[in-house]
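Since the structure comes first, as structure tokens, the remarks are kept for the end.
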Amino acid sequence: MSIGDWDIFGDLARLRQRLGRLSHVNYAGIRGDERDDAWAPPVDIIEQDGALVLLVDLPGVRREDIELTIAHESLTVAGQRSSSEGGAGIRLERPVGRFRRSFRIAVPVDPSRAQAVYRDGVLRITLPQAAPAGPARVRVRVE
């Protein structure tokens, strides 16, 4: 094999996939919500205009197959991607099946004003930050 025959990007993609599967196996008992066949979409989290914004790459996932849950101090994005093409696969790199990502929300947000927009395969979740509760001021009478 010569260096010209080496598919470095293909090898790196396979290594990443294997490491991803390995991490799901090792932590499945700890996380409790991920299985061997689960996949995890990439996510960017940014702070913008007084809100937390999550950008989740979900190409090929139908809108009705996406579920968002905000509970306590966490946000969960779950769903599934089905194989849409028929025929015999020659090279299959796009994961299919269920996915689930959970994130701890470290700043106070107002879940009643949360918004989600799904466009061009990207789910944009906007969580407006809540006004921080200031210290309570209590008068204590000295006797």
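Derivation of every value follows stated rules applied to the coordinates shown; laboratory data play no part. On a predicted model such as this, the values are computed, not experimentally measured, just so you know. A quick note on method: Cβ atoms are made from the backbone with ideal geometry, for glycine too, and the neighbour counts reach across all protein chains shown.
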Packing-based order for 108-116, 121-129, 48-56, 90-98, using average beta carbon neighbours within 10 Å, highest first: 121-129, 48-56, 108-116, 90-98
14 Å beta-carbon shell around LEU58, net charge (K/R +1, D/E -1): +3
